[in-house]
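Below is one structure, written out as structure tokens; comments come after it.
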Amino acid sequence: MREIRLAIPAQPRSYDILVGRGLIKQVPTLLSVENYSSLFVVTDEHLSVQWLPQLSLALPPHDVCVVAAGESAKTLASVEQIWAAMTEAGLDRKGLVIILGGGVLGDLAAFAAATYKRGVAFAQIPTTLVAQADSSVGGKTGFDYQGLKNLIGTFSQPQAVLADTEVLRTLPERELIAGFGEMFKHACIADPKFLKNLTAKAPTSYSPSEMANLIATSIRIKARIVSGDETEAGARKLLNFGHTVGHAAESLSWDTGRPLLHGEAVAIGMVAEAKLSCRIGRITGADVTRLANILSAAGLPIDLPSFSPSQLLAKMRADKKNADDRINFTLLTSLGEAVINQTVDEQELVDVLTTPLEEYREH
Ligand SMILES: NC(=O)c1ccc[n+]([C@@H]2O[C@H](COP(=O)([O-])OP(=O)(O)OC[C@H]3O[C@@H](n4cnc5c(N)ncnc54)[C@H](O)[C@@H]3O)[C@@H](O)[C@H]2O)c1
Ligand SMILES: [Zn+2]
């Protein structure tokens, strides 16, 4: 088992993030469930079939709330469903909410827990690679609103994160590959050596133990960044690399017949924002090509679907990361280092979004 402790100076307590096989069976001990007045499990319709039975068997008596799966269910209606179930179960402020699911459920249910009765303790049991390597760590909660990603939310830290790598066994391949999108992001902003490790094999070829090491490295990078800046006043913005264009592409794709997974949208966003980094002279065209090749070889999409630049710009202008009416980017200074708070001229941005990747090969 790999253990990572996340300490945030402004918070009264630190918390443990554990990565290893078979953690679900040890949940009562790992979460010291006897310290809580009651237990309330939230999961989604897929996990309720796949992994809830094992969790339920391990736990003392508890209530369960099952919500619909997928980004389209990351809504206020789902949050209300969870609040209603919490109320009906008589959950009090000394209870513990145990969240079993991917990044969508993790963000949603953590928001519900963080706002119910002004906040009840919660623990994350992330079940996708996106959730294990990224979203369950750091305390961002929330849901999508009016066609905008994560518009409503809080910063609320869990009691603990238990990433049981056993559960990845049932994760569809496309979801697993999407999880590599976020791990590549962590490598690109902070760790060239990790980038090299991530390209050693195809995403589906790593052994469980190798995968646990990749997840732990990814979490360590995120934990280090978050511990210095919980509420994204500065350094935490590094984690937004690929997400300005990525979130715009992701939310536009919801209205098409083929919605992008979050990790896929991040891969597309990273290539677009690498092109932008090249345009402002921070990295070379060869760096852009190298990153695009790495992501593509892992099976991730790299090309923007055919959205018009004006559609993309409209979404990017509405992004909550902006300040003073300027679209805010985190851009690369090399493949392994990034810089926050970059703004670019909108015409330049449109140029970059419409310039084919091939043109970067010559620079
Ligand atoms: N809070 C953060 O810091 C943060 C960071 C990154 C991403 N996110 C958010 O995470 C979300 C994406 O999360 P995701 O990629 O985990 O998608 P997801 O939560 O939608 O899960 C993907 C699908 O896989 C199913 N599933 C989950 N675990 C499974 C398992 N072990 N076996 C079989 N099926 C399983 C789910 O039911 C769902 O249908 C986005 O909304 C994104 O905004 C948040
Ligand atoms: Zn993300």
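Applying a threshold of 24 Å to the alpha-carbon distances of 74/193; 193/237; 193/275 flags 74/193 as lying beyond it.
Net length available on complete extension from residue 14 to residue 199 is 63.4 nm, with 0.36 nm assigned per residue and the Cα-Cα distance removed.
What is the dipole size for region 46-153, taken about its Cα centre, with +1 at each Lys and Arg Cβ and -1 at each Asp and Glu Cβ, in debye to the nearest 20? Walk me through the numbers before you get to the answer.
Working: 7 positive and 8 negative charges, 56 e Å.
The calculated dipole for region 46-153 is roughly 260 debye.
Dipole check for region 113-173: with +1 at the C-beta of Lys and Arg, -1 at the C-beta of Asp and Glu, and the Cα centre as origin, the magnitude is about 340 Debye. Charge tally for residue 310 (other residues, Cβ to Cβ under 11 Å; Lys, Arg +1; Asp, Glu -1): +1. Rg ratio for the chain: its Cα radius of gyration over 2.2 N^0.38 Å, N being its residue count, equals 0.96.
Given the Cα-Cα distance of residue 359 and residue 322 and 0.36 nm per residue of separation, how much length would full extension add, in nm?
Numbers: separation 37, 0.36 × 37 = 13.32 nm, distance 2.90 nm.
Gain on stretching residue 359 to residue 322: 10.4 nm.
Here the residues 104, 352, ranked from fewest to most Cβ neighbours within 10 Å of their Cβ, fall in the order 352, 104.
Here the sum of -39500 (n - 2.57) over DSSP H runs of 4 or more residues, divided by the residues of the chain, equals -12500 deg cm²/dmol at 222 nm, to the nearest 500.
For residue 226, the shell of other residues with beta-carbons less than 13 Å away shows a net charge of +3, using +1 for Lys and Arg and -1 for Asp and Glu. Computed from backbone phi with θ = phi - 60° and the Karplus coefficients 6.51, -1.76 and 1.60, the 3J(HN,Hα) list for region 116-130 is 5, 6, 6, x, 10, 5, 9, 10, 9, 10, x, 10, 10, 5, 4 Hz; x is used for glycine and proline. Backbone phi angles across region 175-186, fed through the Karplus curve with coefficients 6.51, -1.76 and 1.60 (θ = phi - 60°), yield HN-Hα couplings of 5, 4, 5, 4, x, 5, x, 5, 5, 4, 4, 4 Hz in residue order; Gly and Pro are listed as x. In region 17-164, Cα pairs under 8 Å separated by at least six residues give a relative contact order of 26 percent. Here 229, 107, 134 are placed in order of increasing Cβ neighbour count within 10 Å, fewest first, which gives 229, 107, 134. Compare 201, 237, 222 in a GNM of the chain, Cα atoms joined below 10 Å, and give the one with the largest fluctuation. Residue with maximal mean-square fluctuation among 201, 237, 222: 201. FRET efficiency for the residue 346 to residue 224 pair, using the beta carbon distance and R₀ = 35 Å, is estimated at 0.55.
The angle between the Cα long axis of helix 103-115 and the main principal axis of the chain comes to about 60°, on a 0 to 90 degree scale.
Counting pairs of alpha carbon atoms under 8 Å apart in space and at least six apart in sequence, what relative contact order in percent does the chain give? Could the numbers behind the result be given before it?
Working: 693 pairs, mean separation 53.8, N = 363.
The normalised contact order for the chain reaches 15 percent.
Within the listed set 19, 27, 137, the residue fluctuating most in the Gaussian network model of the chain (springs between alpha-carbon atoms under 10 angstrom) is 27.
Database remark: amide H of residue 341 closer than 5 angstrom to the amide H of 329 (H placed geometrically; neighbours at sequence offset of 5 or more, or on other chains; Pro and chain starts carry no H).
Just to verify a number: FRET efficiency for residue 56 and residue 296, C-beta to C-beta distance, R0 = 41 Å, to 0.05? The partial results should precede the final answer.
Working: r = 41 Å, r/R0 = 1.00.
The formula returns an efficiency of 0.50 here.
Taking other C-beta atoms within 10 angstrom as a stand-in for reagent exposure, 83, 254, 51 fall in the order 254, 83, 51, fewest first. Once you sort the root eigenvalues of the Cα gyration tensor of region 48-99 as a ≥ b ≥ c, which label holds: rounded (a/c under 1.5), prolate (a/b larger than b/c) or oblate (the other case)? Oblate shape, in that a/c is at least 1.5 and b/c is the bigger or equal ratio.
Under 5 Å between amide hydrogens, built in the peptide plane, is the criterion, and for residue 123 it picks out 97, 98, 99, 159 among residues at least 5 positions away or on other chains.
Just so you know, all these numbers are worked out from the coordinates, no wet-lab data involved. The structure displayed is predicted, hence computed values, not measured ones. FYI the Cβ positions are ideal-geometry reconstructions off the backbone, even for glycines, and counts take in every protein chain you see.
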